[in-house]
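*Asks:* Below: one structure in structure tokens.
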Amino acid sequence: MSSLHEGMPNIASRVIPVDPFDLVIFGGTGDLARRKILPGLFRRFIAGQMPANARIIGAARSDMDSAGFRAMVAEAIAEFGGMESPPQAKLDAFLKQIHYVAIDARGEAGWAELQELMKGTDKIEAYYFSVAPALFGDLAERLQQWGMADKQARIVVEKPFGRDLETAQALNATLATYFDERQIYRIDHYLGKETVQNLMAVRFGNMLFEPLWNAQYVDHIQITVAETVGVGGRGEYYDKSGAMRDMVQNHLMQLLCLIAMEPPARFDPNAVRDEKLKVIRALDPVLPHHIIRGQYDADHDDAEGHPNYRDAVGDPRSKTESFIALKTQISNWRWSGTPFYLRTGKRMSARSSEITVVFKETPHSIFAEDAGQHRNVLSIRLQPNEGITLGVTIKEPGPGGMRLIDVPLDMTFSEALGEDAEQVDAYERLIMDVIRGNQTLFMRGDEVEAAWAWTDPIIQGWEARGDVPKFYDSGSDGTTEAFEMMRRDGREWRKVAP
Ligand code: NAD
């Protein structure tokens with residue numbers, strides 16, 4: 001690893017400035033803006049990527065002026081910026097580029113002021129919809145009414161994008177009334193993660209893996225996104241959604257697409273998204289006994305006294321899942337016969353997102369002393385400790401004949417590339433892509449609809465059957481049924497490791 005590090009160019013210096021822009025953040029005083037968007041923009045500013053004449057304009061219902069908003073932004077950076085003490089001179093300079101307009105997405109208040117601010121600018125205009133989804137359509141309509149939906153404007157739309165196929169189609173149709181598809185950036189922040197892009201680099205930048213990347217050599221693939229947190233203060237919202245809508249339909253589906261898609265001809269937005277769409281359309285319906293849903297129980301040893309799921313959402317009869325595990329198949333030449341197992345949940349044993357490719361066993365063992373089963377396992381960790389591990393089989397050191405053991409070839413990116421390799425958060429990377437006009441890491445309208453078209457019958461199926469989620473212990477890795485599903489197939493889940 002050290003030789004790789006020594007040979008590395010200075011990665012942090014490779015910041016490519018973007019063209020001047022005005023970014024309006026609708027919902028600029030909200031939780032997402034304070035935790036992710038604004039601190040992320042400050043890090044881009046420090047990295048030297050924000051032009052001096054760029055402006056960030058908060059636009060929200062809160063009644064405040066630009067000075068009040070700047071104070072809020074400074075607080076957000078102190079709390080969520082991930083810096084011990086933000087350099088004061090830089091912070092002051094950044095705040096000078098920040099403005100605020102009190103606005104009502106559904107009324108007239110504030111729109112004339114925003115229009116005045118945006119008038120006559122020849123900069124790139126981006127409008128980030130960081131508000132409740134019910135307001136997405138109103139904002140699009142208002143932007144057009146007030147003359148801000150010109151052909152150069154871009155809109156960034158947060159999740160959730162609909163709650164089923166019908167609502168997603170309706171939202172796509174509304175947005176399409178005012179904006180072209182090339183102006184719409186549907187954000188899925190999982191696509192902005194460094195390792196997710198590395199997944200494409202590993203697959204399509206190396207000769208090593210692609211020839212083996214098919215049902216002939218891959219036994220199965222697992223995707224796990226585990227959280228330790230419960231629903232927290234979002235109980236009411238979450239209970240209307242559940243793990244399938246909140247995580248599988250978007251984040252896990254996107255990871256599945258990237259791991260399973262055919263090589264696109266070019267790394268360009270439509271070439272990549274065409275291939276992802278083909279994966280979603282090739283997904284088989286999921287059989288009822290391949291869907292396991294769970295709800296977390298209270299952890300009785302938990303000193304902090306976290307409630308169980310139903311108490312947390314305030315509904316003792318809730319049938320919404322906080323955990324789901326399912327098995328699916330992709331019906332195409334590459335993958336027919338290789339199952340994909342997806343699993344995600346709250347209050348699990350560790351916070352960990354990992355994609356694991358489990359290769360088949362060697363067809364024949366030539367080593368008489370070795371009775372073990374050996375499989376190469378490639379695991380791609382999205383968080384924490386982003387990196388890639390390849391399990392290889394070698395001879396156990398020392399005497400005793402040719403006994404074999406499996407050892408990991410570990411490439412943790414922070415070790416391999418050095419601590420000074422810049423860590424760019426998903427949101428900051430994606431916002432800069434919006435400014436650059438690069439839609440590769442954003443979902444296209446037909447992709448989102450195809451994902452719902454696969455998801456809807458699964459949800460309708462369990463609703464029609466009246467299925468009730470099984471309980472699992474907080475701090476465990478899900479319901480016993482999820483483990484049984486794997487055991488029936490002669491396989492096992494990867495341990496959820498921090
Ligand atoms: P929030 O409730 O914390 O903030 C909402 C913002 O919208 C506030 O700034 C508020 O002033 C503004 N607002 C409300 N009504 C308005 C109106 N009529 N006109 C103008 N502004 C109005 O919400 P949030 O958690 O920041 O979420 C924003 C969006 O991002 C939602 O779509 C959410 O689903 C999505 N999202 C949030 C998170 C997160 O971690 N918070 C993660 C992923 C996606």
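*Asks:* For the stretch 79-108, how many residues are outside any loop (DSSP other than H, G, I, E, B), within 30 Å of Phe136 (Cα to Cα) and among the aliphatic types (A, V, I, L, M)?
*Replies:* Number satisfying all stated conditions: 4.
*Asks:* Go through the stretch 259-290 and count every residue that is more than 22 Å from the chain's Cα centre (by Cα), of a type outside the set (Lys, Arg) and within 30 Å of Phe209 (Cα to Cα).
*Replies:* The total comes to 5.
*Asks:* Specify which of the listed residues (Tyr185, Tyr127) is farther than 24 Å from Met247 by Cβ, surrounded by 15 or more Cβ atoms within 10 Å (Cβ to Cβ), at pLDDT 95 or above and not small (Gly, Ala, Ser).
*Replies:* Tyr127
*Asks:* So, Arg163, is that one in contact (Cβ under 8 Å) with a residue 12 or more places away in the chain, charged (D, E, K, R) and within 12 Å of the ligand (Cβ to nearest atom) or not?
*Replies:* The answer is yes for Arg163.
A quick yes/no check of all residues on (1) touching a Pro at 6+ places or on another chain (Cβ under 6 Å); (2) assigned to a loop (DSSP other than H, G, I, E, B); (3) β-branched (Val, Ile, Thr):
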position	(1), (2), (3)
Lys319	no, yes, no
Thr344	no, no, yes
Gly372	no, yes, no
Val407	no, no, yes
Val424	no, yes, yes
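*Asks:* Hey, Ala149 hits all of (1) part of a helix (DSSP H, G or I); (2) surrounded by 17 or more Cβ atoms within 10 Å (Cβ to Cβ); (3) more than 12 Å from the ligand (Cβ to nearest atom) but one; which does it fall short on?
*Replies:* So Ala149 meets the others, but not (1).
Matching residues to (1) of a type outside the set (Phe, Trp, Tyr); (2) modelled with pLDDT of 95 or more:
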{"residue": "Gly294", "(1), (2)": "yes, yes"}
{"residue": "Asn308", "(1), (2)": "yes, no"}
{"residue": "Lys319", "(1), (2)": "yes, yes"}
{"residue": "Ile324", "(1), (2)": "yes, yes"}
{"residue": "Phe340", "(1), (2)": "no, yes"}
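*Asks:* Could I ask something else about it? Given the residues Leu117, Leu139, which is the only one that is within 16 Å of the ligand (Cβ to nearest atom), touching a strand residue (DSSP E or B) at 6+ places or on another chain (Cβ under 6 Å) and not in a loop (DSSP other than H, G, I, E, B)?
*Replies:* Of Leu117, Leu139, the one residue that is within 16 Å of the ligand (Cβ to nearest atom), touching a strand residue (DSSP E or B) at 6+ places or on another chain (Cβ under 6 Å) and not in a loop (DSSP other than H, G, I, E, B) is Leu139.
*Asks:* Any residue at all in the stretch 169-180 that's touching a residue at least 60 places away in the same chain (Cβ under 8 Å) and within 17 Å of Ile435 (Cβ to Cβ)?
*Replies:* No, because not a single residue in the stretch 169-180 is touching a residue at least 60 places away in the same chain (Cβ under 8 Å) and within 17 Å of Ile435 (Cβ to Cβ).
*Asks:* Here is a further query. Tell me which residues, restricted to the stretch 212-256, are without any contact (Cβ under 8 Å) to a residue 40 or more places away in the chain and surrounded by 21 or more Cβ atoms within 10 Å (Cβ to Cβ).
*Replies:* Within the stretch 212-256, none qualify.
*Asks:* Kindly provide the set of residues from the stretch 49-65 that are under 24 Å from Asp19 (Cα atoms) and not in a loop (DSSP other than H, G, I, E, B), ordered by number.
*Replies:* Arg55, Ile56, Ile57, Gly58, Ala59
*Asks:* I want to confirm something. Restricting to the stretch 41-75 and keeping residues that are of a type in the set (Lys, Arg) and within 16 Å of the ligand (Cβ to nearest atom), which single residue is nearest to Glu113 (Cα to Cα)?
*Replies:* In this case the residue turns out to be Arg61.
*Asks:* One residue is enough: does the stretch 470-489 have a residue meeting the conditions closer than 22 Å to Leu258 by Cβ, surrounded by 17 or more Cβ atoms within 10 Å (Cβ to Cβ) and in contact with a strand residue (DSSP E or B) (Cβ under 8 Å, 6 or more places away or on another chain)?
*Replies:* No: the stretch 470-489 contains no residue that is closer than 22 Å to Leu258 by Cβ, surrounded by 17 or more Cβ atoms within 10 Å (Cβ to Cβ) and in contact with a strand residue (DSSP E or B) (Cβ under 8 Å, 6 or more places away or on another chain).
*Asks:* Within the stretch 81-108, how many residues turn out to be within 21 Å of Ala33 (Cα to Cα), within 16 Å of the ligand (Cβ to nearest atom) and either assigned by TED's automatic domain parsing to the domain that holds Asp433 or loosely packed, with under 15 Cβ neighbours inside 10 Å (or both)?
*Replies:* Selection size over the stretch 81-108: 2.
*Asks:* Identify all residues within the stretch 120-136 that are more than 16 Å from the ligand (Cβ to nearest atom) and part of a strand (DSSP E or B); write none if there are none.
*Replies:* Within the stretch 120-136, Ile124, Glu125 meet the criteria.
The values are calculated or read from the model by the stated rules, or taken from the named source; none is laboratory data. Computed from a predicted model, the values in this text were never measured in an experiment. Positions of Cβ are generated from backbone atoms using ideal geometry, with glycine treated the same way; all protein chains shown enter the neighbour counts.
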